[in-house]
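Data first, discussion second: the structure below is written as structure tokens.
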Amino acid sequence: MDTSTSYLGLRLPHPFMAGASPMGYSLDAIKRLDDAGCAAIVLHSLFEEQISLATEGRVAHVDPGDPEMSGRVSEYPRPADYKYGPDGYANHIVKVKQAVRIPVIASLNGHTGEAWLKFARIIEQAGADALEFNYYDVVTGVKVLSTAIEDNVVNAVTNLTRAIAIPVAVKMTPYYTAFGHLAAALDRAGARGLVLFNRFYQSNVDTDAMELVPQVELSTSSELPLRLHWLALLHRQVRASLAASGGVVTPDDGVKALLAGADAVQLVSALLRHGPGYVATMRQGLERWLDRYHTDSVTAMIGRASFHAHPDPASFERAHYIRTLQSWMG
Ligand SMILES: Cc1cc2nc3c(=O)[nH]c(=O)nc-3n(C[C@H](O)[C@H](O)[C@H](O)COP(=O)(O)O)c2cc1C
């Protein structure tokens, strides 16, 4: 039984890796993930705002020391609030690479294609095997065209893939007008992988304070179907490899993501809940599935439930939508 897979051109012994999270902060935690059999690790993100402050003295184009402007950026964390500054992040990569055998994927998190992206070269020199670009932009203006929003993402990814030679994966939200078109454009822009999806940290309303409050909760399997849908649609439509991120919390979820079309599966909530040893549980669940369905390799199962061979996915989607509504008998 061959559980190996290929992601970003990296050969992995199985598809389950640790996604970006505070698990990447400490060498000890990373070594535990390695010892537990994680196929790779994505480090926590270094943010555009940290880099632009360190290199240009600005956050979101504003000098935080300017008394007239500081109110605009006062909500951002101060440099001391981050676990690592840009140089510390690069040093951390060097140490992590010395400490573990598995591929180490660094993470940059930003929303422009500006000069800060040059820092990717330092990440590459520090020895990262690949870079995940978490493009996180919440467009709040009501006059911005969807084409302009999507062009910005593609330009940023083009700048990044031109700057470095290690593979770049793009992690994004699904909330674009034409996500499939954007995914194909990112493929052409040189992205070697797409991570579906970034979680969008929606605000909630505090009914006592009568204001919006940010919330972070660990995910459940209910977040998976959106990922499955786009994995199934993009499988073999793009050259980039696909990783599932979000809502893979049981071994069955992992099998579903692979059948839909994921080449690799990122875990965060499951590992934070159950600890690094849960990777073995995921892997055993996968092996049980392969055995039960007499499938001798993960490669043979990837995309089996995708739309690849389907003659008309749009019609399939529409027909099943109508059938699902009709089947509700009350
Ligand atoms: C506490 C916490 C911190 C996270 N930090 C990052 C981060 O630094 N960069 C990033 O791209 N994603 C980050 N994420 C998002 C995860 O990588 C992942 O996309 C998300 O949790 C969905 O996967 P899951 O369902 O396996 O948790 C974080 C998630 C959590 C819960």
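By how many degrees, 0 to 90 and rounded to 10, does the Cα axis of helix 179-188 deviate from the longest principal axis of the chain? The answer is roughly 70 degrees. If you find the alpha carbon centre of region 297-330 and of region 70-130, how far apart are they in angstrom? Answer, in whole Å: 40. Think of each Lys and Arg Cβ as +1 and each Asp and Glu Cβ as -1; about the Cα centre, that makes the dipole of the chain roughly 1000 debye.
Annotation note: chymotrypsin sites (Phe, Trp or Tyr not before Pro) in region 105-195 located in DSSP loop regions with a Cβ neighbour count of at most 13 within 10 Å are 175. Between residue 329 and residue 181, the distance separating the two model label sites (each 7 Å from Cα on the Cα→Cβ line) works out to 4.3 nm.
Restricting the calculation to Cα atoms, region 185-330 shows an Rg/Rh of 1.03 when the hydrodynamic-style radius is the Kirkwood one. Note on the chain: with neighbouring protein chains present and a 1.4 Å probe, carbon and sulfur make up 52 percent of its accessible heavy-atom surface. Using only the C-alpha atoms, the convex hull of region 48-128 corresponds to 94 Å³ per residue. Normalised radius of gyration (Cα atoms, divided by 2.2 N^0.38 Å) for region 2-152: 1.18. Counting other Cβ atoms within 10 Å of each Cβ, which trypsin sites (Lys or Arg not before Pro) in region 87-164 have at most 15 and sit in a DSSP loop? Sites meeting the loop and neighbour criteria: 101, 143.
Computed over neighbours whose Cβ is under 14 Å from that of residue 21, the net charge equals +3, Lys and Arg +1, Asp and Glu -1. At most 13 other C-beta atoms within 10 Å and a DSSP loop state: those are the exposed GluC sites (Glu not before Pro) I care about. Give me the longest piece of the chain that has none. Answer from the scan: 76-216. Taking every DSSP bridge with both residues inside the chain, close to 20 percent are antiparallel.
Mean projected area of the convex hull spanned by the Cα atoms of region 1-79, taken over all viewing directions: 7.3 nm². Restricting attention to region 39-132, close to 10% of DSSP beta bridges with both partner residues there are antiparallel.
For region 255-295, the spherically averaged projection of the C-alpha convex hull amounts to 3.0 nm².
Lys and Arg at +1, Asp and Glu at -1: add these up for the other residues within a Cβ distance under 9 Å of residue 116 and post the number. Charge balance near residue 116 sits at -3. Extension gain for residue 308-residue 56 works out to 86.1 nm (0.36 nm per residue, less the C-alpha to C-alpha distance).
Once the chain from residue 4 to residue 32 is taken as fully extended at 0.36 nm per residue, the excess over their C-alpha distance is 8.0 nm.
On a per residue basis, the chain carries 51 Å² of accessible surface, using protein heavy atoms and a 1.4 Å probe. Taken over region 138-239, the alpha-carbon convex hull comes to 138 cubic angstrom per residue. Translational diffusion coefficient of the chain (Stokes-Einstein, Kirkwood radius from Cα pairs, 10 °C, 1.306 mPa s): 76 µm²/s.
The values are calculated or read from the model by the stated rules, or taken from the named source; none is laboratory data. In this text the structure is predicted, and so the values were computed from the model without any measurement. Here the Cβ is made from the backbone with ideal geometry for all residues, glycine too, and neighbour counts use every protein chain on show. What goes into the accessible areas is simple: the full protein's heavy atoms, side chains included, and nothing from ligands, DNA or RNA. Shrake-Rupley method; radii C 1.70, N 1.55, O 1.52, S 1.80 Å.
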